Structure formats: C-alpha cells, structure tokens
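Data first, discussion second: the structure below is written as structure tokens.
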Amino acid sequence: MHSQIKILFLLLLTAWLTPELCAQAKPVDAEGHQWWQHAVFYEIYPRSFADSNNNGVGDLNGIASKLDYLKQLGVDAIWITPCFPSPQVDFGYDVSDYEAIDPMYGTLQDFDHLMSEAKTRNMRILLDYVINHTSDQHKWFIDSRSSRHAAHRDWYVWRDGKGPGVPPNNWQSTFGHSAWKFDPKTNQYYYHYFYAEQPDLNWHNPAVEKAMFDVTRWWYQRGVSGFRLDAVDTLFEDPDLRDNPILAGTNKYGDPEMEDKYNKKLPQVHDVLKALRKVADEHGAVLIGETYTNDISELKKYYGEHSNELQMPMDLMFGMVNKLSAPEFRRQIAAVDGAGGWPVFVFGNHDNPRSYVRYGDGQHDDQIAKLMAGLYLTLRGSAIMYYGEEIGMTNNDPQRKEDVQDPIGKTGWPKEKGRDGERTPMQWNDSANAGFSIAKPWLPVPASYATHNVASELKDPDSILSFYQKLLALRHQNHALLDGQYVALNQEDPNVLSFLRKYKDEAVLVVLNMSAAAQNVSFDLGPQGYASAKGNALVTTDKALNGEHTLQQVSMQPFGVYIAAVSK
C-alpha cells in the first residue's frame, strides 16, 4: 500500500513539474531557431530604472513593478547590469561577491521574486557577469594580498617592479595612468586594466576558471537565462609582460597613446569562451559578449570556428558613429551580416551617449529617434534596446566637475565628462523626478522628462513610444523580419538606406531617409522576384504612405520611415 502511494505521489509530482521543465527545455523552435534569436533584449541600469523604496536609487523590486510595461512594450528578456555586492567604485563593475545581491538593490529573495514574476510573463533575465576582474574588497583578493604565500595569491597578477618605484612594464589602465598598483605589504605590484580597485583575475590559473564557471552554474540553477560578459577582450595578459608599443600623441588622460598589444585580445580568450559556452549549452542559456572591435574578422572569431563560443558577440561600432550616414551604416551592416553568425547590433548602452543625442540635429530629434528604431529593429539579428530609448531619453551631462558621479569624469575632466549623462533615471511620468522616486534621485533627470515620459507617450499615437510598440509588435509576428535574409537595395544612394528582408514567399521593404530633405526613391525589385512590386505599409511615419503603393517611386519625408510588405 505504501509503495502504491509513493508511486502515485511521484506521478503527480512529475505531472506538476513537467510543463515548466518542458518550457525551460525548449530552447529551439519548430524551425530550429534558438529562443534568443527571436528575442528582444532590454538593458536595465538598476540604479536608474525604478525606485521601490524611495531612497533615490533604483532596485530589483522596482524592476519587478515595471514588468507589465516591458511586456506591453514587446520585451522578451531583460539584461540587468551588475547588481552584486560592490563598493561601487565603478558602479557595480567592481564585484565583491558574485553570489549575492547588493543591499542597495535588495536581497536574493527579491531577485527570486523578480525571476518568478518574469517567468509568469514568459520573460527571461540575464545578468551582467564581470569576468575580467573583481573588487579589491572581494574575499579572494583580500586573501591574495595578505601574503606572497596566500592560497589566493596566484588568483591575481602579481609581479615585482623593475626597480624602486618602477612598475613591471608600461601598460596603462583604460581609465588612465599605470595599470600597476604597488602594495607595500608584500612589496609587489598587482595588475588592473581598469581602476586600481578592480584587480585583474589571473585566468592562466585553472582554479580561477573553475571558480568563475561555478558562479555561472549557481545562477543558472537560480533561473537566469544567460549572461552579458563584460570586457571579454581583456581576460589574458602576456606572461612575459612585454611593453606595449607607444603611438604618437597623448590620450584624454594625458598619457602617451598606446597599442594594447600584449594585454588585450590574446588568443587564450577564445579557449575560455568555448569552455563557458559548454556550460551555457547545458542550461539552454545565451552568452552575449562585450566585444569592442573595428575588424569584422575579429568579430567572426568570437562566434567560434564551429559556432562554439559566443552566440551573440556585440557589434558596438554604431555606438562610435555620431552622425547619420546611409553609406557608413550600409557598409557596417553588410560586414556584420556577412560575418557568418547571428548579428547583434548595439546602438546605445550605459557607456555611450544616447543615440537621441548622437544622431539628433536639434530640430528633428523625435523623427530621428523613430528612424533609428526603424533601423535596428528591422535588421537581421537580435535587438538589444537600452532603457529609455523608446521614449526618446536624452543625455543630461554634468556641467561642473563637482557634480560628476562617474570616476572616469572625475579623472578626465573636462575632456572626459564621464557616463552620468546616459545613466539618468527612467522617465515614467511628468511628476517630480519623472516619477522615478519621491527622494532626490542619485542623478538628476533632464528637463525633457516633462514631455518625454512613459505616461504621456502612451496616450499619444504619434509618440516615439507608440512607434516602438507598433514596430516591436510587427517584429514579433512577421516571418520576414524574424528570419528573413538581408538584401541591400539602392546601394549608391547617399541619403536613403533601404533593404529587403526576404523569407520564403514573404518580403518586407525597409526605407529610411537619413537626410533632412525630402527624397524620392524608386525600387527595381525584379532581380528579387518582384517585377511589378507593390508595397502595403506595415509601419510608417508618413500617413500619406499608408495603404498600398507602387514602388516605382516612393516619396520620403525628412528622416522618414517606410516599412511595407511587398507583393508581386
């Protein structure tokens, strides 16, 4: 009798668990696409998204309270920048404990609550994993610096100087000045590519690799669907510590320009990425890489020779382009589209001025914001949004050094004002502090919050937010936008960027006027199998283009967007 009850209990337990387990175990759809290939990702800077306890700093419960908004917008997965315990020297990118939540953001229970709420909305959560370095307050480094014979001594990069007061070599921190910090207790220098409070891990040590891989397993078991890997280029350094080549001129910190030849993009990086990928594949997870490169051949390497490294190495070059240029965008898109992997175009993030500022002309900023959405949400590949892009948030750069929060700005002022401007609080409504918090926010909101906020734009069918909603809804349901190939059109046009997305018998035409003047464009789609093609508008910024139109001539307003289904 007891055995029969036990069997019945096991059957009931299996029936209860199976649906959720099956849902988690279905990383591939009926046509062989991974879940992340169709997902829209949304980067959240937790300090600035939503403040649930009104202390002026955003938190995890604040994020949880806004999941319905994100779901309505069309977001499938959120990437949260570091929310681990940290002294906040680099606002979370100096981690002192990888398996906990910083009290300013909440608790592990709050994270579990956020995870649970996300799952009920069929949304996924990714974390930002800082794998190059820890905080100098991490228990590993505290032990490492305690003695030359400490258990964790070789977990970091320690070396003797060349002489009294002379570091081991000429390597520079990306945040200015020498990348070596002298520690008088053990009379050696430790290496830090970033701030001195961010000592680099020694990835040549297998114990470091095991510990860092175990961290990912710990979070996978807690439900996360992947990681954005921070600063993957910098994991390894030349064991011989050869000096880097000096270039002409000086940088914004007053240091000599230098090529990071021996402390960046070393081949061993790819061995670590392959191993990390194996762990991710065990959990149906995705790895997004912060891969800064000007070279498409370099970008290709991050996919792996056998597609066994990063599923989503970021193309971040658009973040460096500060003007609209149909020819330049066309060139970059073609290069990434032909790199052999699944493209990931990034137009904005927490390290670069907002696209609203970079591309705006002061007169047509809202039109240009829609134009940029029309571009990066229709390209082949996965889309990564940055919070606030969908409402046209602008930068709010500090005007005085004493107002700067970002250490980069404090070090490099006035040439470098830091990254505060693109990290300001999310603008929810037109009440005080943009509805972010009753308390004084950790960064001031820009004056534009009075007109550019979620509540106001949800009511306006012509707002930037309404345009994003229409475009994201289309992206989720249109096969050509989800899976179609990218076909560049009118490649000599200096003003208008246009392309087809083709999938089986379906095709979508995307036309983007990147100039301040009206443009007439015509399309010969005969070579694409659409000899007498007509376009039926799906999303457009010009009401005159609604409905069906011949594609022999399309009249585009300044900075206009026309997205149409093509019929034969």
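Residues of region 389-485: accessible area per residue at 1.4 Å, in Å²? Could you put the intermediate results ahead of the total?
Values: 4070 Å² over 97 residues.
Result: 42 Å² per residue.
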Charge dipole magnitude, Cβ of K and R +1, D and E -1 - region 115-172, Cα centre, debye nearest 20:
80
Would you please give the FRET efficiency between Phe213 and Asn53, computed as 1/(1 + (r/R0)^6) with r the Cβ-Cβ distance and R0 = 45 Å, to the nearest 0.05?
0.85
Region 297-345: relative contact order as a whole-number percent, Cα under 8 Å and 6+ apart:
47
Residue by residue through region 540-546, which ³J(HN,Hα) values in whole Hz follow from phi under the Karplus form 6.51 cos²θ - 1.76 cosθ + 1.60 (θ = phi - 60°), with glycine and proline marked x?
8, 8, 10, 4, 5, 9, 5
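How large is the accessible surface per residue of region 65-220, computed with a 1.4 Å probe and reported in Å² as a whole number? Numbers along the way, then the final one.
Working: 5790 Å² over 156 residues.
Counting only protein heavy atoms, the per-residue value for region 65-220 is 37 Å².
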Run the simple label-point estimate for Ala100 and Ile246 please: 7 Å along Cα→C-beta, distance reported in nm.
4.5
Label Gln399 and Ala517 with points 7 Å out from Cα along Cα→Cβ: what is the distance between them in nm?
3.6
Amide H partners (placed H, <5 Å) of Leu551, local residues excluded:
Gly535
Need the full-extension length gain, His306 to His177, defined as separation in residues times 0.36 nm minus the C-alpha distance. One decimal, nm.
42.5 nm
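What do you reckon, how do Glu259, Glu402 stack up by accessible area (1.4 Å probe), largest on top? Let's see the in-between values first.
Details: Glu259 85, Glu402 130 Å².
Result, largest first: Glu402, Glu259.
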Given H placed on each backbone N at 1.01 Å, which residues far from Ala231 in sequence or on other chains put an amide H within less than 5 Å of it?
Glu290
Once ligands and nucleic acids are excluded and a 1.4 Å probe is used, how much of Ser555 is accessible, expressed in Å² to the nearest 10?
60
Would you mind calculating the gained length between Thr107 and Lys568 on full extension (0.36 nm times residue separation, minus the Cα-Cα distance), in nm to one decimal?
160.3 nm
If the viscosity is 1.567 mPa s and the temperature 4 °C, what translational diffusion coefficient in µm²/s does Stokes-Einstein give for region 481-568 when Rh comes from Kirkwood over Cα pairs?
101
Karplus-derived 3J(HN,Hα), 6.51/-1.76/1.60, for each residue of region 555-564, Hz, glycine and proline x
8, 10, 6, x, 6, x, 10, 9, 10, 9
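Over 22 Å between Cα atoms: which of Lys323/Lys410; Lys300/Lys417; Lys261/Lys300; Lys502/Lys568 fall into that group?
Numbers: Lys323/Lys410 27 Å; Lys300/Lys417 33 Å; Lys261/Lys300 19 Å; Lys502/Lys568 13 Å.
From the list (Lys323/Lys410; Lys300/Lys417; Lys261/Lys300; Lys502/Lys568), the Cα-Cα distance tops 22 Å for Lys323/Lys410; Lys300/Lys417.
Sorted by accessible area (1.4 Å probe), largest first, how do Met104, Met317 line up? Walk me through the intermediate numbers first.
Values: Met104 55, Met317 25 Å².
Most to least solvent-accessible, the answer reads Met104, Met317.
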Amide H proximity to His133 below 5 Å, modelled H, separation 5+ or other chain, gives Leu201
At 1.4 Å probe size, with the rest of the protein present, what percent of the exposed accessible area of the chain is carbon and sulfur atoms?
51
Would you kindly work out the equivalent ellipsoid of the chain from its C-alpha gyration tensor and give its semi-axes, the square roots of five times the eigenvalues, largest first in whole Å?
40, 30, 25
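Can you say what percent of the DSSP beta bridges in the chain, counting only those with both residues inside, are antiparallel? Round to 5.
Details: 43 of 68 bridges.
If I count the DSSP bridges inside the chain, around 65 percent turn out antiparallel.
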Cβ-defined net charge surrounding Met317, 12 Å radius [Lys, Arg +1; Asp, Glu -1]
-3
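Show that you can apply the helix-only estimate: for the chain, add -39,500 (n - 2.57) for every DSSP H stretch of four or more residues, divide by all residues, and state [θ] at 222 nm to the nearest 500.
Numbers: 15 runs with 155 residues, N = 568.
My calculation for the chain gives -8000 deg cm²/dmol from helical runs alone.
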How much accessible surface area, in Å² rounded to 10, belongs to the heavy atoms of Tyr356 with a 1.4 Å probe?
40
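The values are calculated or read from the model by the stated rules, or taken from the named source; none is laboratory data. For clarity, every value in this text was computed on a predicted model and none was experimentally measured. Note that we place each Cβ from the backbone using ideal geometry, even for glycine, and neighbour counts take in every protein chain shown. Side chains included, ligands, DNA and RNA excluded: accessible areas come from the protein's heavy atoms. Shrake-Rupley method; radii C 1.70, N 1.55, O 1.52, S 1.80 Å.
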